[in-house]
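The values are calculated or read from the model by the stated rules, or taken from the named source; none is laboratory data. Computed from a predicted structure; not experimentally measured. Don't worry about glycine lacking a Cβ; one is built from the backbone with ideal geometry, like all the others, and counts go over all protein chains shown. Note: accessible area is taken over every heavy atom of the protein model, side chains too, but ligands, DNA and RNA are not part of it. Shrake-Rupley method; radii C 1.70, N 1.55, O 1.52, S 1.80 Å.
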Amino acid sequence: MSATIAIVGRPNVGKSTLFNRLTGQRKAIVDDISGVTRDRLYGIAEWGGVEFNLIDTGGFVPHSEDVFEKAIREQVDIALEEAHIVLWLVDVTTGITDLDQMMADKLRKTEREVILVVNKVDNHQRLIDASEFYSLGFENQVALSSMSGSGTGELLDTIVDKIKAILPADEEEEKQQHPRFAIIGQPNVGKSSFVNALIGKQRNIVTDIAGTTRDTIHTLYNYYNKEFLLIDTAGIRKKSKVHENLEFYSVIRAVKAIDEADVCLLLLDAQVGIENQDLKILQIVQRKKKGIVILVNKWDLIEKDNRTLASFKESIESRIAPFTDVPIVFISVLEKQRIFKAIETALDVYKNRQQKITTSKLNAVMLPAIERYPPPSVKGKYIKIKYVTQLPTHTPSFAFFCNLPQYVKGPYKNYLENQLRKAFPLSGVPINIFFRKK
């Protein structure tokens, strides 16, 4: 399971610049004008072999009379509830402001790990000025410049040390024998109802296990002598303070559920279809190489003819392309239609994700496919793929050994993936393909 790190701070202290620096991507719009980060951003960062989730809480809640205070209060409240570690960003050029004092008061009451990050420290004088922030009383303080990158290594070292202290139980989690299924999706698509329909028969519940992550309940469920853990994050508490931040809140919950799961069941509302937020969640699942099943709920409310199901499926596949090898199950939680089919499909995807294909079988299928359509030559040089083998990883990963691995392009990699999916049951499973020097 990955830790979740939230970046908080008052407007225009450089939260988005730090987010971009740590994730190595330029996803956030960076400007000197306060409040330009209106969309909440999620990214994955890695340091010293430790991967963690990063949330940029920049941005303002619209239609609020007191924009600054309300925005900060809401974002900090959510971050304190959901994140393992909070990076509190302050600006050395302005010193300690009233808003910083308000934030300090809030953060002192929390049990979460807080790292005070003094930003814009890019010369010796500012390094001396940064010592002023020790008066706020926070033990962990790092001075850096997110613009130039100086000091970010020290911050990342501190984050990784804290993660190792907070999440020591990862090895035990890896030994977990039961498949872990997470129900994810936007608010009001029927996640809670789906869980209730599944575990409604009390005789099927074996036990409730308190989740390692706050507010996730792991229910050990027995279905036709097949046991699996159901990770329920559906119960987002309906608090007045999170109603404007509900999308942000649900994404953080989804990220945490995805981290813990083997297979994710993404619920969609048939009346709405697949939206951008669903695609964001799907991208996170793919990035983390988890199994995926798409469940289209409220199918009973759709007027149907003989083409409805096929056209609906085509519309979903066109939105999620190029990874279209995903099982789609049309369900109605209210009518209890195909809800157990959904679990059967999830168990199939789990089996696909666990499978080990022998080297002889792989080569018997892939070498003829490569011979039929060899890699295109580059700069007059011909690429010869000698053999392929599966790597001993948690998710299906395949290494193709060839003479010029650096010249194999994306389209040919896609061709090889399609051939693998045609030959072996890999539905719903993101795979890795590597090219190695032979």
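Of note:
- Within segment 284-438, DSSP assigns beta bridges of which about 45% are antiparallel (rounded to the nearest 5).
- Point-to-point label distance, SER150-LYS438, nm (Cα→Cβ direction, 7 Å offset): 5.0
- For segment 151-165, 3J(HN,Hα) computed residue by residue from phi via the Karplus equation (6.51, -1.76, 1.60; θ = phi - 60°) reads x, 5, x, 5, 4, 5, 4, 5, 4, 5, 4, 5, 4, 5, 6 Hz, glycine and proline entered as x.
- Taking amide H as placed 1.01 Å from N in the peptide plane, LEU334 has its amide H under 5 Å from the amide H of LYS298, each at least 5 places away in sequence or on another chain.
- Förster radius 56 Å - calculated FRET efficiency between ASN363 and ILE128 (Cβ-Cβ, nearest 0.05): 0.30
- Members of LYS386/LYS409; LYS191/LYS356; LYS413/LYS438; LYS120/LYS289; LYS106/LYS162 lying beyond 26 Å, as alpha-carbon distances in this model show: LYS191/LYS356; LYS120/LYS289
- THR324 paired with ALA423, simple spin-label distance in nm, labels 7 Å along Cα-to-beta-carbon: 2.2
- Solvent-accessible surface (1.4 Å probe) assigned to THR93 amounts to roughly 70 Å².
- Placing R0 at 60 angstrom, the Cβ-Cβ distance between ASP105 and LYS289 gives a FRET efficiency of 0.90 after rounding to 0.05.
- Label reach from GLN355 (point 7 Å along Cα→C-beta): in segment 377-397, amide nitrogens under 17 Å belong to 389-397.
- Approximate spin-label separation GLU314-SER192, in nm, with each point projected 7 Å along Cα-to-Cβ: 3.8
- Note on MET366: accessible area approximately 0 square angstrom, rounded to 10, probe 1.4 Å, nucleic acids and ligands left out.
- Using heavy atoms of the protein chains and a probe of 1.4 Å, the accessible area assigned to TYR373 is about 110 Å².
- Relative to the globular-protein estimate of 2.2 N^0.38 Å, the Cα radius of gyration of segment 297-438 stands at 1.31.
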